[in-house]
Every structure is written in C-alpha cells, then in structure tokens.
Amino acid sequence: MDPELNQSDHCKNSSYVCLERSGSGKVDVIIYTCATVIILLTVFGNLLVIISVCHFKQLHTPTNLLILSLAASDFLVGFFVMPFHSVLLIESCWLFGFHLCNFFSTVSVQVTTLSVHNVTLIAVDRYFALSNPFLYSKAVSLNVMIFVVSLFWITSIFYSFAILYTGGLFHERIQCSGECFINIAGEWPIVDLILVLVLPCSVIIVLYVRVFAIVRRHANAIRRAKKQQITENTKYTTDSLTSEIKAAKALTILVLVFLVCLVPFYLYMLIAGSISITLLYKVANNIATLFYLNSSLNPIIYAFSYSWFKKSIKLILSCQIFNTDSSLMNVHLN
C-alpha cells in the first residue's frame, strides 16, 4: 500500500484539524501570560530547591538527595515539556513539526518515569528511616544514595528509550498535520502500566500506610515522654523523633498530591483503545496538564513544609550564598 495514501486515509479518519480559536487578542495575551507565569514558577521554584540542596552542606543528606532528584526531574518538566505543552493546549494544534514532536514525546515519557521512580524511592527511604533508624544511619550514606539515584536515572532513561524505540516512536510513523501524541504499539502499554503505575503506586501506598502507623506510634511515645521527667538523652531522642515525624508528614503530602496528579494520566490509557483518536488526543492533553502541574506544586509543598527551604530561599534571593563560607551557614530555623 502506498504510504502517502495510507497517511492520507489515516488523517482523514482521525478527523483532526487545527481549529481556529475565536478568542480575542486580549484573551490570548491573558492565557499566554498565565501559562508563562506557571512555567516560570515551575522552573525557578525547582531551581531554588536544586541550588539549596547543592549549595548548603547542612542539606547534604540522603533524604534531601532524593528531593534534589525529584526537583531535577520537575525542572526538566518545566523547562522542556511545559512550554510545548502549553502552546499545544492553548492553540489546540501542534505547531513545531515532526522532529520537535519526537523530542517532546521522548522527554515527556522520560520525566514521567523519573518522577514515579523518585517518589517511590522517597517512600522507601522514609519507611526505612522510621522503621530502622539505627540501621538506616549506618547503611544509607550519602555516597550510597548517590549511587542509587544515579542507577535509577540511568535505568529510567534506558527504559524510556526502550519503550519509544520498540513501540514505534523512532520508526517511520504516521503523523497528521497539527497533532503530536505518543502511540506506543505492542505489549508496551500494559508493561508500562504495570511497571510505572501499578507496582510503584502499590509500593508507595503500602509503605506510607506503614509510615502512618509508625508516626502514630512515635507520636504516642513523645506524648508519654512529655508527661514524665525527661532526661537530656530522652529529650534528644524525642526531638529526633519529632523531626522525623514532621519530615514524614511533609513527604506524605507530596506523595498524595503526586498520586492525585498521576493516576488520572494512566487511567485514560486503560480506556484509550475504546476512544476515538480525536477525543483521545484532547483528553490526553488535558490529563497530561494535571500531571505536569504536579511539578509546579512540589516547590510550594516544600515552602510550606520545610523550614530549611524557607531559610535557604531568603539566603539565595538576598545573594548571601555568594559570601565566603556561605555553604556552611545554618539553614534550619530555630
């Protein structure tokens, strides 16, 4: 069959056209301004997290390294994915051609996989730290966590390329004018659903249910300690437990927001086969927006949940990080 005729028939059957929007110039300016503000907040919010964890030596901990890894993937979303996606969503049409569509699709899949793996690692880290604090402090060093995070980044990148290459993205494929979406063939959609949604989310949910139980037990221990005569050693242990509980609660909020943004993205994939191409394309773009907005929300969660992030923001914005020995400054609020 003639490829050109096949492409023509496919595009005709898809009924996808670039629609002219009826909005006025002022409306366009407002919409694009809002999109630009969200993108800038995503990029610079996550950049602040990256600078904070990298610059201040007090923040060089295994848990904060996981936060750094998540912020890095969120930064990629804001810098490489959201600008293209915003134009696509506003214009209802892909304007950047075939090659940029491939680049956009590749980065989208990779940052999605990286985000899921980062949040899963955070869940495992918090459970291990709370359930076996002494073993955690001995076994999980900064170098060990650097190795684990690097391994997950490399694995995620190779996994994404495997999906996109064997699934047909990098082969010659049909693309109608004005559309850009990932159409992965074979068994990969089911494999991806299991490996990137079902298994990680199951691990996240099970571990955080156990984290809640541990936090509740620790909270009861703290209340009992406060009712008794507290020695210096007991007070130190109590303060340590309180710090761990606060960290667990903050990361729980982050994970819950992540699941709310992620699950709809994969639920639509389950029913994608029964939806027309045009409707699927529109639904996919809208649901993907929710997932990408998670990258904008994470720095806000840090700002409300972590005292060190509030302090480091002040130091960064006031340019105090350029002072001599600024990396040794105390960034925890008293």
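Can you find a residue that is assigned to a helix (DSSP H, G or I), polar (S, T, N, Q) and either on the phi > 0 side of the Ramachandran plot or modelled with pLDDT under 85 (or both) anywhere in region 312-323? Checked against the condition, which is being assigned to a helix (DSSP H, G or I), polar (S, T, N, Q) and either on the phi > 0 side of the Ramachandran plot or modelled with pLDDT under 85 (or both), region 312-323 yields no hits at all.
The single condition from (1) modelled with pLDDT of 60 or more; (2) part of a helix (DSSP H, G or I); (3) surrounded by 18 or more Cβ atoms within 10 Å (Cβ to Cβ) that L241 fails is (1).
Taking F80 as the residue in question, decide whether it is assigned to a helix (DSSP H, G or I) and either under 23 Å from S296 (Cα atoms) or among the charged types (D, E, K, R) (or both).
Numbers: assigned to a helix (DSSP H, G or I): yes; either under 23 Å from S296 (Cα atoms) or among the charged types (D, E, K, R) (or both): yes.
Answer is yes for this residue.
For region 133-172, taking the residues that are surrounded by 13 or more Cβ atoms within 10 Å (Cβ to Cβ) and not in a helix (DSSP H, G or I), the one that is modelled with the lowest pLDDT is identified as F170.
For first residues located in region 298-323 and within 14 Å of F56 (Cα to Cα), partners that are of a type in the set (F, W, Y) and assigned to a helix (DSSP H, G or I) and lie 6+ apart or on another chain with Cβ distances below 7 Å form the pairs F309/Y302.
Okay, residues lined up against (1) hydrophobic (A, V, I, L, M, F, W, C); (2) on the phi < 0 side of the Ramachandran plot; (3) in contact (Cβ under 8 Å) with a residue 40 or more places away in the chain:
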position	(1), (2), (3)
L47	yes, yes, no
I50	yes, yes, no
F84	yes, yes, no
L89	yes, yes, yes
L130	yes, yes, yes
P133	no, yes, yes
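Looking at V37, V107, V87, V124 in this structure, which one is among the β-branched types (V, I, T) and closer than 16 Å to L297 by Cβ? First the steps, then the outcome.
On the way: V107 fails: closer than 16 Å to L297 by Cβ; V87 fails: closer than 16 Å to L297 by Cβ; V124 fails: closer than 16 Å to L297 by Cβ.
On inspection, the qualifying residue turns out to be V37.
Going by what's in this entry, would L100 be described as surrounded by fewer than 21 Cβ atoms within 10 Å (Cβ to Cβ) and not in a helix (DSSP H, G or I)? Considered against the rule, which asks whether it is surrounded by fewer than 21 Cβ atoms within 10 Å (Cβ to Cβ) and not in a helix (DSSP H, G or I), L100 comes out as no. Within region 48-60, being outside any helix (DSSP H, G or I) and either under 16 Å from the mean Cα position of the chain (by Cα) or buried (at least 18 other Cβ atoms within 10 Å of the Cβ) (or both) holds for one residue alone: F56.
The values are calculated or read from the model by the stated rules, or taken from the named source; none is laboratory data. Every value quoted in this text rests on a predicted model; they were computed, and no experiment measured them. Neighbour counts run over all protein chains shown; Cβ positions are idealised from the backbone, glycine included.
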